[in-house]
Amino acid sequence: MLDPSLLRQQPAELAARLRETRGYELDADALASLEAERKQIQVRTQELQNLRNTRSKAIGQAKAKGEDVAPLLAEVAGFGDELKACEAKLEEIKAKLDAIALGIPNLPHESVPAGADESANVEQGRWGTPRDFDFEVKDHVELGERHGWLDGDTAAKLSGARFTVLRGQLARLHRALAQFMLDLHTGEHGFEETNVPLIVNADSLYGTGQLPKFEEDMFSTQLGEHKRYLISTSEISLTNIVRDEIVDPERLPLRMTAHSLCFRSEAGSHGKDTRGMIRQHQFEKVELVSIARPEESYAEHEAMTRAAEVVLEKLGLPYRRMLLCSGDMGFAATKTYDLEVWLPSQSTYREISSISNCEAFQARRMQARWRNPETGKPELVHTLNGSGVAVGRCLIAVMENYQNADGSITVPEALQPYMGGLDRLA
């Protein structure tokens, strides 16, 4: 959520910035009109509340003196109905203003390039050289189907489209990747391993920005009157750990990592990446979240991005870093790097991680704060999140980049200790 002062004091300027950077149309006139009405009714409400308080005190004093309080009671009754109406109207207007505020995306950082879509993203650098194959390259589905390791048909029977069953050595390699990433991030990058709920309440989704705008992207459960949601990323659970908290400054940056199942409806993605594991309803990620002091959040953003890059480098997977333009960033982000890994079967780079700084956007929604030792006052933290990295897409990249002419798959050296020394899937 943006700073409310921007909405109150600069609606036209804010609308222009959102239109230019995000392609988001904010009705500045409607916002200004609601704000003017709010101010007017709030002033009148406060006048009536003060009047009620003074008259109540006068009634008490008159009773103590044995005086007739009927005229005072009649006066209080006279403006009581107006006060109730003003208070109800004020709540109604505040709800409308909150609804507008909750639907507004974050403003991009000044270093973010302007652009409407991914075509305006800016490459920051590459690592590794894509391998030259002297045989016809297979995609991950062909490689996985060789021994029934990757089975979409059985998954469809069990659950429908966009699910996968993994078996045998490929299932073990998938597990090894997650373990490798967790050990790396906890052992070398200073993140605390955290096991979090996969089902969360609506407050958690409001906190990180999935609700109310993206409810159609979420799977939900209903038990009696209680509706809960399956997480689309463990960013939701991890970040909300500090909701309604004041974090001690010595704990910052608070770095957390979690390996979890994730669930996405993939609304609006019909027809995209329907083959194999690239775009699934259920998948796994190792997530990185950091809660940081505002003045340290951009250094933390670079450090988190580097942590995800190290995963790919230790696995020997060529990748590139992209700085996303203003129109391609997520709703809550103010700056985002994408890491894209090389997929030989597609002869292109595909996203495997997004690392974002959200500044105070999520913290304001969650009321997540830290106590600034210089002022002694609570202030909003900055929140950051990123994949470190998506396990399924990393499995795809390993399979395709390490494939052999006979269809076997060489196990990267970094993963062999997690595979009991096995050096090839055959």
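Read the figures in this text as sums done on the coordinates, not as results from a lab. Predicted, not measured: the structure shown is a model, and the values here were computed from it. Cβ sites come from the backbone with ideal geometry, for glycine too, and all protein chains shown count toward neighbours.
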Over what distance in Å are the Cα centres of region 338-394 and region 1-71 separated? 36 Å
Point-charge dipole on Cβ atoms (K/R +1, D/E -1) for region 346-426, about Cα centre, debye to 20: 540 debye
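Please give the calculated 222 nm ellipticity per residue for the chain, where each DSSP H segment of at least 4 residues contributes -39500 (n - 2.57) and the sum is spread over every residue; nearest 500 deg cm²/dmol? Spell out each step's value before the answer.
On the way: 12 runs with 169 residues, N = 426.
Only helices count here, giving -13000 deg cm²/dmol.
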Taking 0.36 nm per residue of sequence separation and subtracting the Cα-Cα distance, how much length would be gained by fully extending the chain between H109 and D183, in nm to one decimal? 23.4 nm
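Quick check on the exposure proxy: order E235, E309, E225 from fewest to most C-beta atoms within 10 angstrom. Each step should come with its number before you reach the end.
Values: E235 30, E309 20, E225 5.
Fewest-to-most Cβ neighbours within 10 Å comes out as E225, E309, E235.
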Using the crude model of +1 on Lys and Arg Cβ and -1 on Asp and Glu Cβ, and no other charge, please compute the dipole size for the chain relative to its Cα centre, in debye to 20. 900 debye
Along the charge dipole of the chain, which of N121, V43, S111 sits closest to the positive end, that is, farthest toward it, with unit charges on the beta carbon of Lys, Arg, Asp and Glu (+1, +1, -1, -1)? V43
Cut-off under 30 Å on the C-alpha distance; same-chain residues fewer than 8 positions from K213 excluded. Which lysines are left, in chain and number order? K39, K89, K94, K96, K227, K272, K285, K335
Neighbour counts of other C-beta atoms within 10 Å: give me D338, D117 arranged from fewest to most. D117, D338
A116/D273 FRET efficiency (R0 25 Å; Cβ-Cβ; nearest 0.05): 0.70
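With Cβ to Cβ distances under 11 Å as the rule, what net charge do the other residues near A426 carry (K, R +1; D, E -1)? Don't skip to the end; give the middle numbers.
Numbers: positive: R146, R424; negative: D406, D423.
Spelling it out: positives minus negatives among the neighbours equals 0.
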Would you mind telling me which residue in R364, R172, R264 has the biggest mean-square fluctuation in a Gaussian network model of the chain, where springs connect alpha carbons within a distance under 10 angstrom? R172
GNM result for the chain, Cα springs below 10 Å: residue of D203, D98, D68 fluctuating most strongly: D68
Qualifying aspartates and glutamates (Cα of each under 12 Å from Cα of K138; at least 8 residues distant if same chain): E400, D406
Fewest-first sequence of I278, I396 by Cβ atoms within 10 Å of each Cβ: I278, I396
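Starting from the Cα gyration tensor of region 81-171, take the square roots of the eigenvalues, sort them a ≥ b ≥ c, and report rounded, prolate or oblate (rounded when a/c is under 1.5, otherwise prolate if a/b is larger than b/c, else oblate). Can you show the working numbers first?
Values: a/c = 5.59, a/b = 1.86, b/c = 3.00.
Oblate.
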Answer label for semi-axes √(5λ) of the Cα gyration tensor in Å (calculated), chosen among (i) 53, 22, 21; (ii) 38, 22, 20; (iii) 42, 25, 21: (i)
Over the chain, with a Gaussian network built from C-alpha contacts below 10 Å, which listed residue (E359, E37, E193) shows the highest mean-square fluctuation? E37
Note down the net charge around S290, summing +1 for each Lys or Arg and -1 for each Asp or Glu among other residues with Cβ under 13 Å from its Cβ. -3
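Taking every DSSP beta bridge with both residues inside the chain, roughly what % is antiparallel (nearest 5)?
Values: 53 of 57 bridges.
Taking every DSSP beta bridge with both residues in the chain, the antiparallel ones total about 95 percent.
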